[in-house]
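Here is the structure we will look at, set down as C-alpha cells.
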C-alpha cells in the first residue's frame, strides 16, 4: 500500500517535531544554522560525547534537518550543515496554525463586539 501525501507530510512533521523536542538537538541546529561544523567541533560546543552526539545527529539527519558530507581536501572528515529547505514543512505548518488562530480570534472578537453592542442597546 502506497503512502498518501498527507501521511507522508504528517510523518515528516512528526520526525521534525520529535527531533526538535530535545534541547541539545535544538542547540545543534542553532550552531549549524550559523555555519557548517565538523562533528568533533559540534560535540565540543554542546559538551557531549562523540557517541551521544552521533545518536542525536542520526535523529536530525533522519528528520531531514541536518545533512553531512565530506570536504574537498579530505573525504574522511564529515561536515554537518542545515540544508537550505530543511524547515519548509515546519514553516508551512506554523503558517497554517497561525491562520487558524487568527480566524478563531477574529470570530471571537466579532462575537464579543456583537454581544457588547446588544448589551449596550438594552
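Readers should treat all values here as calculations from the given coordinates under stated rules, not as data from a laboratory. Keep in mind the model is a prediction, meaning the values are calculated, not measured. Cβ sites come from the backbone with ideal geometry, for glycine too, and all protein chains shown count toward neighbours.
Observations
- With the highest mean first, a sort of the peptides 15-24, 89-98, 110-119 on other beta-carbon atoms found within 10 angstrom per residue produces 15-24, 89-98, 110-119.
- Across the chain, the relative contact order, built from alpha-carbon pairs under 8 Å that are at least six residues apart, equals 23 percent.
- Modelled FRET efficiency - R0 35 Å, residue 90 with residue 110, Cβ distances, 0.05 increments: 0.70
- Zone residues, segment 47-70, relative to residue 77, backbone N less than 17 Å from point 7 Å out along Cα-to-Cβ: 68-70
- The chain shape via C-alpha gyration tensor axes, a/c threshold 1.5: prolate
- Cα-based shape type of segment 12-80, given that a ≥ b ≥ c are square roots of the gyration tensor eigenvalues and the cut on a/c is 1.5: prolate
- Rounded to the nearest 10 degrees, the angle from helix 23-34 to the longest Cα principal axis of the chain is 80 degrees.
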